[in-house]
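Worksheet: one structure, shown below.
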Amino acid sequence: MKIIGEKINGTRKRVARAIAERDAEYIADLARRQTEAGADWLDVNAGTHPSQEADDLSWLIDTIQAAVDTPLCLDSANPAALRAVITKVNKTPMINSISGEPERLQGILPIAAEYGCPVIALAMDDKKIPETSEKRMEVIRSVVAEARACGVSESNLYIDPLAMTLSTNSKSALVALETMRGVRAEFPEAHLTIGLSNISFGLPARSFINRYFLSLAMAYGLDSAILDPLDRDIQAAIRTTELLLGQDNHCLNFIRASRKGLFDPPAA
Ligand code: THG
C-alpha cells in the first residue's frame, strides 16, 4: 500500500497562511513528518487562484525539496501551472489529476507522457460525477484509451473511483468499491487510489468511517491512497489490513512499523 501524504494542501487554513506568508519552516516540517511516517509521495496543492498557482507551487516545491527527497504528487488541474513547475522537480512526480474532461485530458496527458509521470485519473467527465459504477467504468475506459494513445502506459495510471460523502448518498462507498472491482478486472496493470477522507465529509466520528472504508477498499484492490500519514490509527489500519491480506511477507512491515512506534499505544 502506497501512501500519498495529504497535508500540504492550500485548502487547509493553516497551510494557506503558510503559503501566503512564505513560512518555509511550517511547510518543511509537514514534509519531514509525513516522510518520517512513511509517505511515498507528498501531495502538493497550492489551493490558490490559477493566476497565483504557478508561483505558489514553485515556492512549495523549492521549500519541500530543501527539506526531504520524497517524490511529489502535483495536485493541480491547471496544465499551464504544471508545465511551469515540472522541470524544477528533482524526482519524477506524480500528477494529480486528469479526468474525462477533454481540456484537462489534452492539457495534462502530454505532460505526463513527456516526463514519464504516473498520473491520477478521476472517474468523472466535465465536472459531472457519474452515479453508478457502470457509468464510472465507461469514463475510465475512455480515459485509459486516451492515455494509451498519448503514450501513457496503463501501469502509470492511478485510477481514482471517487469516494463521495456517505452523508448525501448512503451507497457512495459501495459505488466506489464496485468501481474498484471493475478496474481490477479490466485494467490489471493500472493502480487504484482514493482521497480517503471524502467518504466521511459532514459526518461525526470521521476517523472510524475513513479507516473501515480503507480496509474494505484494500480488499477490493486499492493499492494507494491520499491520506494523513500522521494519523496513527490510519497507520494501524494500513499495516494490519496488509497483514490480513497476505501483503506482508513474514509480517515484516507490521513489526517494523510497530517498532518505529507508528501506531502502538505509548507505554503507560
Ligand atoms: N482525489 C484526488 N486528489 C485529491 C482528492 C481526491 N486531492 C485533494 C483531496 N481530495 C485530498 N486531500 C485532502 C487534504 C487535506 C484534507 C482532506 C483532503 C484535510 N481536511 C480536513 C478535514 O477533512 O477535516 C479539513 C481541512 C483542514 O485541516 O483545515 O485536512 O479525492 N485524486
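The values are calculated or read from the model by the stated rules, or taken from the named source; none is laboratory data. Because the structure is a prediction, the values reported are computed rather than measured. Using ideal geometry, Cβ is built from the backbone for each residue, glycine included, and neighbour counts are taken over all protein chains shown. Each accessible area value is taken on the protein alone, full model and side chains, heavy atoms only, with ligands, DNA and RNA left out. Shrake-Rupley method; radii C 1.70, N 1.55, O 1.52, S 1.80 Å.
Does residue 211 meet the test of being of a type in the set (Lys, Arg), surrounded by 20 or more Cβ atoms within 10 Å (Cβ to Cβ) and within 19 Å of the chain's Cα centre (by Cα)? Steps first, answer last, please.
Working: of a type in the set (Lys, Arg): yes; surrounded by 20 or more Cβ atoms within 10 Å (Cβ to Cβ): yes; within 19 Å of the chain's Cα centre (by Cα): yes.
So residue 211 passes the test.
Answer yes or no as to whether residue 6 is closer than 19 Å to residue 231 by Cα, away from the ligand (no atom under 16 Å from the Cβ) and either open to solvent by 50 Å² or more (accessible area, probe 1.4 Å) or of a type in the set (Asp, Glu) (or both).
The answer is no for residue 6.
So, in the range 137-173, how many residues would count as being closer than 19 Å to residue 218 by Cβ and touching a residue at least 40 places away in the same chain (Cβ under 8 Å)?
Selection size over the range 137-173: 6.
Inside the range 234-253, can you point out the residues that are farther than 25 Å from residue 159 by Cα and either within 16 Å of the ligand (Cβ to nearest atom) or modelled with pLDDT of 95 or more (or both)?
249, 250, 251, 252
Residues in the range 110-132: is at least one of a type in the set (A, V, I, L, M), in contact with an Asp or Glu (Cβ under 7 Å, 6 or more places away or on another chain) and in contact (Cβ under 8 Å) with a residue 60 or more places away in the chain?
yes
Among what's in the range 41-66 and is away from the ligand (no atom under 15 Å from the Cβ), open to solvent by 10 Å² or more (accessible area, probe 1.4 Å) and touching a residue at least 40 places away in the same chain (Cβ under 8 Å), pick the residue that is farthest from residue 262 (Cα to Cα).
59
For the range 209-216, does any single residue satisfy the condition of being under 25 Å from residue 243 (Cβ atoms) and touching a residue at least 60 places away in the same chain (Cβ under 8 Å)? Give the steps one after another, and end with the answer.
Going through the range 209-216, the residues under 25 Å from residue 243 (Cβ atoms) turn out to be 209-216.
Within this subset, residues satisfying the condition of being touching a residue at least 60 places away in the same chain (Cβ under 8 Å) are none.
The answer is no, given that none of the residues of the range 209-216 is under 25 Å from residue 243 (Cβ atoms) and touching a residue at least 60 places away in the same chain (Cβ under 8 Å).
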